[in-house]
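Comments concern the structure below.
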Amino acid sequence: MNTFKVSFFGFSCLFVTVTLIHFGSSIPLQEKNFGQLSFVEQLGRFGVRFNWRNLTCPVCKTVFTILDIALLSDTNKERVAHAVGEACTRLHLADEHVCREITELFSDDFITTLQQSILWPTEACAVLVGPSCGRFDIYAPWNVTLPAVAKPPITPPTPPIPGSPQSRVLFLTDIHWDREYAEGSSADCKDPLCCRNSSGLPSWKHHGAGYWGTYSKCDLPLRTVENLMENVAKDGPWDWVYWTGDIPAHNVWSQTRAQQLIELTTISRLIHKHLGPNVIVYPAVGNHESTPVNSFPPPFIHGNRSSHWLYDTMAEEWAVWLPPQALHTIRRAGFYTVQIQPGLRLVSLNMNFCARENYWLMVNSTDPADQLQWLVHILQESENKGEKVHIIGHIPPGLCLASWSWNYYHIVNRYEGTITGQFFGHTHIDEFQMFYDEETMTRPLGVSYIAPSVTTFVNLNPGYRVYYVDGNYPDSSRFVLDHETYILNLTEANNRPNPASPLSAADPNPKWTLLYRASKAYGLTSLFPSDWHGLIQTFLQDDRYFQTYWYLMHKGHVSEPCKDTCKTANICFLRSSRYQELVQCNILKGLGHKKPAYVRKTMC
């Protein structure tokens, strides 16, 4: 798979590469300096070949230096934007219409952030290229303030008494409904997203898009999402639902606010319709909910560029599930807290305020919206009351900006006796990441679960997760006791006669089946942090267990085993719930400064 084409439409992995590298040297800013050099000639001055993989730190810094000069004047905005589209087209990063549309969509907001940002080129490139290009320390190190309250003694969790109540929690993430999904269309088109009306017909070498979904760079038709909801409704009862966002498809070059809101409204109401009024759903904001994708200005950005258009609609649609105080903080910045049951509190974080792909953080990345300081306040109150807390969010904290990730890790360390569950999505695959005590980095004290996606993007079966949580009784730990993953096997679902559709041979009533139960698949008696840490050690000692994990990680659809560097990179990821540890693990293992390739591939 072409990693760039997949990553292209996740701003940092596409637009940053296009905008900051391939177009910068072609800006006709000062003709007395650049004369009439052609686009290609100017690229040649910096030694840049026509390959996105030649993205280098010197080029990035040169581009930002040019931009800093250019954007001192508003009159250069259109020239900068034009150069983006020209570069995208000439470098064959996408078809001309995609280049044109994504330039039009992103350019205004992105250029505005560049004008407002006070980052030096080295710092900007550290944010957008990575730590190998410099340090993003204009605001760092910044720290949240912890209360002057001693950390209570920690008692390691123990399994509940047999027969104790359990809560059965449905977890949904990364639905990515494609309104233009078209059965029979090409699943191998030139655009970054296929299986659509605009994808054309498949060649004789390739199959067309399947009725229920496709193993390719494709998202899902609405009928598959509705079929999922029909099946989980039958599979109830559910005590509650966690839903961590990413509703729209990956056609990020052609999205509008109106379309995003229609999709938010449609899926929210579909979930409510099938699960009924007695099942409470607790949502979190994904990075795809906004347009441009990943664009989440902090609350100090007002007017039309703010996110109020999105947050207000979320509050309206989610009012069937959430109390007024939660809706109030959603309207402000997309996060909230609510009591699920006596003794159990939920915090839903807006993880877009930690994302390096959110270019608004170039203006100011210091605890945007004061979200982490607010989290500390909530956790201290819960500790005082003896409440346990679950945290949900879209992007896993180990993939966040370094300072944000460090502070979150510090908070988890301080409140390890209060935080008993962390649940995320975003990568589309089935993973987890560990938290260790900061003093020795050896004692496991927390785990963030990263659940598989509903969407097939890329080359996956559709899936969802069920968590079994220590239930509602006095002194319950509220830890996850076990979890299950269910999938729709597309090979089977798309290959049974369906009289209702002359185009397909699909099963008219496909079954979502159990792929695995964690305790049984890995031979675990419990799922406490120490158990997950022990499983990582087992992966190192017994490759059979790791290959099982690799297969389950991809929801039962993987073409080859993961060996050598692949295995090392994955185990680095599992051990690293803060960004610095992930980078350091890679360096120690000889993998370089970048995140493991599979992480970059699935972030979208």
Inset, instruction - Would you mind telling me which numbered condition in (1) within 24 Å of Ser477 (Cβ to Cβ); (2) under 18 Å from the mean Cα position of the chain (by Cα) Lys388 fails? - result: (2)
Inset, instruction - Those residues that are over 13 Å from the mean Cα position of the chain (by Cα) and either in a loop (DSSP other than H, G, I, E, B) or closer than 21 Å to His428 by Cβ (or both), I need them from segment 353-385; list them, please. - result: Val363, Asn364, Ser365, Thr366, Asp367
Legend entry - Residue ID - modelled with the lowest pLDDT, chosen from residues in segment 250-274 that are touching a helix residue (DSSP H, G or I) at 6+ places or on another chain (Cβ under 6 Å) and open to solvent by 20 Å² or more (accessible area, probe 1.4 Å): Ser254
Legend entry - Hits in segment 532-571 - residues which are exposed (fewer than 14 other Cβ atoms within 10 Å of the Cβ) and among the aliphatic types (A, V, I, L, M): Leu540
Inset, instruction - Could you run through segment 377-419 and say how many residues are touching a Ser or Thr at 6+ places or on another chain (Cβ under 7 Å), over 28 Å from Asp174 (Cβ atoms) and touching a residue at least 60 places away in the same chain (Cβ under 8 Å)? - result: 1
Legend entry - Given (1) assigned to a loop (DSSP other than H, G, I, E, B); (2) under 19 Å from the mean Cα position of the chain (by Cα), number of the condition Tyr282 does not satisfy: (1)
Inset, instruction - Say whether the condition of being in a strand (DSSP E or B), farther than 30 Å from Pro58 by Cβ and open to solvent by less than 60 Å² (accessible area, probe 1.4 Å) is met by at least one residue in segment 126-149. - result: no
Inset, instruction - Tell me which residues, restricted to segment 420-448, are open to solvent by 10 Å² or more (accessible area, probe 1.4 Å) and either aliphatic (A, V, I, L, M) or without any contact (Cβ under 8 Å) to a residue 40 or more places away in the chain (or both). - result: Asp437, Glu438, Glu439, Thr440, Met441, Thr442, Arg443, Leu445, Val447
Inset, instruction - Give segment 203-249 a look and list any residue that's under 16 Å from Glu484 (Cα atoms), out of contact with any helix residue (DSSP H, G or I) (no Cβ under 8 Å at 6 or more places or on another chain) and open to solvent by less than 10 Å² (accessible area, probe 1.4 Å), or say none. - result: Leu228, Trp240, Tyr242
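Going by what's in this entry, would Asn294 be described as more than 26 Å from Leu170 (Cβ to Cβ), assigned to a loop (DSSP other than H, G, I, E, B) and touching a His at 6+ places or on another chain (Cβ under 9 Å)?
Working: more than 26 Å from Leu170 (Cβ to Cβ): yes; assigned to a loop (DSSP other than H, G, I, E, B): yes; touching a His at 6+ places or on another chain (Cβ under 9 Å): yes.
The answer is yes for Asn294.
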Inset, instruction - Could you tell me whether any residue of segment 483-505 is closer than 25 Å to Glu431 by Cβ, of a type in the set (Phe, Trp, Tyr), at pLDDT 95 or above and in contact with a helix residue (DSSP H, G or I) (Cβ under 6 Å, 6 or more places away or on another chain)? - result: no
Inset, instruction - Examine segment 531-539 for a residue that is part of a helix (DSSP H, G or I), closer than 30 Å to Ala493 by Cα and modelled with pLDDT of 95 or more, and state whether such a residue exists. - result: no
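Any residue at all in segment 165-177 that is more than 23 Å from the chain's Cα centre (by Cα), modelled with pLDDT of 95 or more and either in a loop (DSSP other than H, G, I, E, B) or buried (at least 19 other Cβ atoms within 10 Å of the Cβ) (or both)?
So the first thing to find is which residues in segment 165-177 are more than 23 Å from the chain's Cα centre (by Cα), and the list is 165-168.
Filter once more, keeping what is modelled with pLDDT of 95 or more: 165-168.
Applying the additional criterion that residues be either in a loop (DSSP other than H, G, I, E, B) or buried (at least 19 other Cβ atoms within 10 Å of the Cβ) (or both) yields 165, 167.
The answer is yes; a qualifying residue exists.
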Legend entry - Unique match (being hydroxyl-bearing (Ser, Thr, Tyr) and at pLDDT below 75) among Thr113, Thr145: Thr113
Inset, instruction - Go through (1) open to solvent by 20 Å² or more (accessible area, probe 1.4 Å); (2) over 29 Å from Arg345 (Cβ atoms) and name the single condition Asp475 misses. - result: (2)
Inset, instruction - For Val466, indicate whether it is in contact (Cβ under 8 Å) with a residue 60 or more places away in the chain, open to solvent by 10 Å² or more (accessible area, probe 1.4 Å) and assigned to a strand (DSSP E or B). - result: no
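The values are calculated or read from the model by the stated rules, or taken from the named source; none is laboratory data. None of these values were measured; they are calculated from a predicted model. Cβ sites come from the backbone with ideal geometry, for glycine too, and all protein chains shown count toward neighbours. Each accessible area value is taken on the protein alone, full model and side chains, heavy atoms only, with ligands, DNA and RNA left out. Shrake-Rupley method; radii C 1.70, N 1.55, O 1.52, S 1.80 Å.
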